1. Filter segment 50-65 down to the residues that are touching a helix residue (DSSP H, G or I) at 6+ places or on another chain (Cβ under 9 Å), assigned to a loop (DSSP other than H, G, I, E, B) and surrounded by 13 or more Cβ atoms within 10 Å (Cβ to Cβ) and list them by number.
2. If the requirement is being under 18 Å from residue 158 (Cβ atoms), out of contact with any strand residue (DSSP E or B) (no Cβ under 7 Å at 6 or more places or on another chain) and either at pLDDT 85 or above or surrounded by fewer than 17 Cβ atoms within 10 Å (Cβ to Cβ) (or both), which of these qualifies: 94, 107, 86, 75?
3. Exactly one condition in (1) touching a strand residue (DSSP E or B) at 6+ places or on another chain (Cβ under 9 Å); (2) under 19 Å from residue 38 (Cβ atoms) is not met by residue 170; state its number.
4. Can you report the number of residues in segment 173-186 which are surrounded by fewer than 23 Cβ atoms within 10 Å (Cβ to Cβ), modelled with pLDDT of 90 or more and touching a strand residue (DSSP E or B) at 6+ places or on another chain (Cβ under 9 Å)?
5. Restricting the first residue to segment 65-84 and requiring it to be without any contact (Cβ under 8 Å) to a residue 12 or more places away in the chain and on the phi > 0 side of the Ramachandran plot, which pairs with a second residue that is assigned to a strand (DSSP E or B) and surrounded by 15 or more Cβ atoms within 10 Å (Cβ to Cβ) meet a Cβ separation below 9 Å and a spacing of at least six or different chains?
6. Does at least one position in segment 142-155 carry a residue that is under 25 Å from residue 69 (Cα atoms), modelled with pLDDT of 95 or more and in a loop (DSSP other than H, G, I, E, B)?
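The values are calculated or read from the model by the stated rules, or taken from the named source; none is laboratory data. This structure is a prediction, so every number in the text was calculated from the model and none was measured. All Cβ positions, glycine included, derive from the backbone under ideal geometry; neighbour counts span all protein chains shown.
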């Protein structure tokens with residue numbers, strides 16, 4: 001399968017003969033990246049905010065998922081797990097609840113942590129199951145900062161980590177740079193690539209960080 005990053009928390013997951021997924025499409029006017037022009041079968045929204053819920057930017061989507069539950073669409077199994085306040089729309093501090101999504105493409109699992117703000121509970125982590133690729137917010141703002149992101153990664157123990165939701169030259173929001181996370185993970189210079197192709201046989205045994213270059217959608 002292939003994972004492409006379009007900036008902020010927006011990714012496209014594709015695999016031949018399976019449904020295409022787009023996660024957290026953003027409103028470019030409030031976030032700063034180029035306007036999205038994407039097609040997908042499934043759109044997931046981690047929480048109700050302009051940086052994550054611009055469903056109009058994705059054409060052809062027959063299914064929109066914006067909360068917890070289990071779904072099977074086009075051969076892809078999707079599990080939504082509520083965090084930061086359980087199943088309520090608002091958590092105790094008044095912020096919108098977040099949903100983590102796990103996408104299972106024939107045994108390859110990808111977890112999109114959304115705008116996760118705090119370390120998940122043990123039961124939430126168990127609900128995620130085994131994770132091969134974790135898409136993790138690392139730049140603070142509404143989501144995890146570098147230190148908390150590293151802590152969550154140590155609990156989930158994915159094979160591959162792709163950082164998201166951090167400061168880039170295109171971002172208008174006040175977020176931390178990627179370098180803080182890189183330092184927190186004890187890396188000197190992470191691998192950078194245009195997209196991530198994942199196969200079961202190619203999964204590393206130790207957690208590996210891959211930095212994706214954000215792509216302008218066509």
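1. Applying the first criterion (touching a helix residue (DSSP H, G or I) at 6+ places or on another chain (Cβ under 9 Å)) to segment 50-65 yields 50-51, 54, 57, 61, 64.
Then drop every residue that is not assigned to a loop (DSSP other than H, G, I, E, B), which leaves 50-51, 54, 61.
The answer is 51, 54, 61.
2. Details: 94 fails: under 18 Å from residue 158 (Cβ atoms); 86 fails: under 18 Å from residue 158 (Cβ atoms); 75 fails: under 18 Å from residue 158 (Cβ atoms).
Only one candidate qualifies: 107.
3. Every condition holds for residue 170 apart from (1).
4. So the answer is 6.
5. Every condition considered, the pairs that remain are 69/78; 69/79; 69/80.
6. No, there is no match, as no residue in segment 142-155 is under 25 Å from residue 69 (Cα atoms), modelled with pLDDT of 95 or more and in a loop (DSSP other than H, G, I, E, B).
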